[in-house]
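Nothing in this text is a laboratory measurement; each read-out follows from the coordinates by a stated rule. Only a predicted model underlies this, so the values are computations on that prediction, with no experimental measurement involved. Counting neighbours? That spans all protein chains shown, and the Cβs are built from the backbone with ideal geometry, glycine included.
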Amino acid sequence: MSCEEIVRGNIVSKDAVIAYYYFDFSDAISLEVEGFMRALIRQFLEEILIPSSIEKQIDQCFQFGDRSLTKDEFVTVFKTIGILFSRIFIVLDGLDECKKETQATILSIIHEMSRAHTSLSFLLTSREEELISTSLKDHGHLKITADDNSADIDAFIEAAVKQNIESGSLVIDKSSLVLEVLSGLKQGANGM
């Protein structure tokens with residue numbers, strides 16, 4: 001029995017799944033294609049009630065142990081699991097943190113996933129980079145600048161400082177110093 005037949009025959013489908021992945025510049029593993037693929041698969045499978053006997057069969061099919069998962073194997077797994085959901089939402093945050101070849105591979109995977117599941121929606125955040133912009137030119141996009149964020153960030157900083165002062169975790173003797181702290185934090189945030 002193939003892995004696809006195991007999944008189709010033994011796992012109940014769900015309406016939708018939402019998966020999120022953060023490419024963290026301070027975590028080298030999160031910047032690798034393998035980490036991205038494994039995290040998405042894990043999130044998809046966490047949304048489904050899988051009998052333990054079926055889980056063991058899936059593990060045997062895809063051997064996630066010592067061997068790396070190839071891009072083609074990931075797409076096959078995605079197609080197999082994807083049929084269990086009527087809608088798939090994927091949020092990818094900070095793709096620009098990856099090396100160019102990793103970006104290209106992940107963008108290729110996103111395109112293949114979109115072709116495999118017509119009800120896939122994704123949100124990708126990134127600094128504006130040519131490779132990413134070019135690859136996604138046929139998809140809707142929204143450009144947000146630091147100026148667009150500044151009012152929200154200022155409000156957040158003011159609320160956080162106020163809350164810390166009220167809770168006693170931040171003690172400032174002079175009100176003029178509060179203004180100086182707020183100004184320094186806002187300037188340091190620079191819209192980010």
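Using a Förster radius of 35 Å, what is the FRET efficiency between Lys186 and Ala104 based on their Cβ-Cβ separation? Nearest 0.05, please. For Lys186 and Ala104, the calculated efficiency is 0.40.
Regarding region 146-189, what whole-number volume in Å³ per residue does the convex hull of its Cα atoms give?
Numbers: hull volume 2.7 nm³, N = 44.
About 61 Å³ per residue, rounded to a whole number.
Taking amide H as placed 1.01 Å from N in the peptide plane, Arg87 has its amide H under 5 Å from the amide H of Ala16, Val17, each at least 5 places away in sequence or on another chain.
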